[in-house]
Structure formats: C-alpha cells, structure tokens
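J.: There's a structure below that I have some questions on.
What follows is calculated from the coordinates using simple rules that are stated; it is not laboratory data. What you see is a predicted model, and the numbers here were worked out from it, not measured in a lab. Positions of Cβ are backbone-derived with ideal geometry, glycine not excepted, and every protein chain shown enters the neighbour counts.
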Amino acid sequence: MSNLSDYQIQAIEDGYRFECPCGELLNSIAAAVRCKKCRTYAPLMRGQFVVDIAKDKVVFGSILSREEYNERVALHDIAIALSLGVFKPMPITSAP
Ligand SMILES: [Zn+2]
C-alpha cells in the first residue's frame, strides 16, 4: 500500500476501496459501476471498469486501450456533431 495517498488509505479503512473511472471511491463494486459522478466526469468510461485500490487490481470490466478510447472519443464526437446538426444532408442536384 506504499503507493497510496493518506486519503486512499483512510478510504480503504472506512470501507471505500472500489474506484470507478472518474476516480470516486465507493463501498462496493456495484456502486462503482453505477457511479453517478461518472456521468459528468467520465461519461465515455462509465461502468467500464472498477479497480480495488487495496489490491491495485481491476475487479470489474477492463480498462480500455489507448486505441479503444480514441475510437470511443471519435464516435462520441460524431454523435455530438449529428445531434447539433453540424452535418447537413447533401442537396441533390442534377448534372449540368
Ligand atoms: Zn465515477
């Protein structure tokens, strides 16, 4: 536990050892999977993984690779652009 901060050590002693993608420490894996703060602070990773900081081990799901994360960000950007109407349908024009 030498890599842990005083805050994390205290959280473990208090029973809050499960870390969600946004970094919140919760008292169960189920609570970490459903973390409400992730909606705001880690929307692309919500429910993706849970780390037991007492064991420094992923105990639910898996951490995305850099490529998987970048792909998710790109898809999210496209979804936002579509929802904002950034992309317009191409007008159908007849050939001159
Ligand atoms: Zn969270």
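J.: List every residue pair whose Cβ atoms sit under 9 Å apart, with the two residues 6 or more apart in sequence or on different chains, where the first one lies in the stretch 62-87 and is more than 13 Å from Gln48 (Cβ to Cβ) and the second, anywhere, is aromatic (Phe, Trp, Tyr).
T.: Ile78/Phe87; Ala81/Phe87
J.: Within the stretch 31-41, how many residues are assigned to a helix (DSSP H, G or I) and either within 8 Å of the ligand (Cβ to nearest atom) or over 22 Å from Gln10 (Cβ atoms) (or both)? Please lay out each step first, then the result.
T.: Let us first name the residues in the stretch 31-41 that are assigned to a helix (DSSP H, G or I), namely 31-33, 38-41.
Retained after the next criterion (residues that are either within 8 Å of the ligand (Cβ to nearest atom) or over 22 Å from Gln10 (Cβ atoms) (or both)): 32-33, 38-41.
Looking only at that region, the number is 6.
J.: Inside the stretch 49-61, can you point out the residues that are in a loop (DSSP other than H, G, I, E, B) and without any contact (Cβ under 8 Å) to a residue 40 or more places away in the chain?
T.: Lys55
J.: Here is a further query. Among what's in the stretch 11-30 and is within 15 Å of the ligand (Cβ to nearest atom) and part of a helix (DSSP H, G or I), pick the residue that is farthest from Arg46 (Cα to Cα).
T.: Per the criteria, the residue is Ala11.
J.: I'm told Gln8 meets every condition in (1) assigned to a helix (DSSP H, G or I); (2) surrounded by fewer than 14 Cβ atoms within 10 Å (Cβ to Cβ); (3) within 16 Å of the ligand (Cβ to nearest atom) except one. Can you identify the failing condition by its number?
T.: Evaluating Gln8 over (1) assigned to a helix (DSSP H, G or I); (2) surrounded by fewer than 14 Cβ atoms within 10 Å (Cβ to Cβ); (3) within 16 Å of the ligand (Cβ to nearest atom) leaves (2) as the failure.
J.: OK, next. Is there any pair linking a residue in the stretch 20-41 that is of a type outside the set (Phe, Trp, Tyr) to one that is outside any loop (DSSP other than H, G, I, E, B) and near the ligand (Cβ under 6 Å from one of its atoms), with Cβ under 7 Å and at least six apart or on different chains, and which?
T.: Filtered contacts from the stretch 20-41: Cys20/Cys38; Pro21/Cys38; Cys22/Cys38.
J.: Return the residues of the stretch 43-96 that are surrounded by 13 or more Cβ atoms within 10 Å (Cβ to Cβ), of a type outside the set (A, V, I, L, M, F, W, C) and within 12 Å of the chain's Cα centre (by Cα); say none if nothing qualifies.
T.: The answer is Arg46, Gly47, Gln48, Gly61, Tyr69, Arg72.
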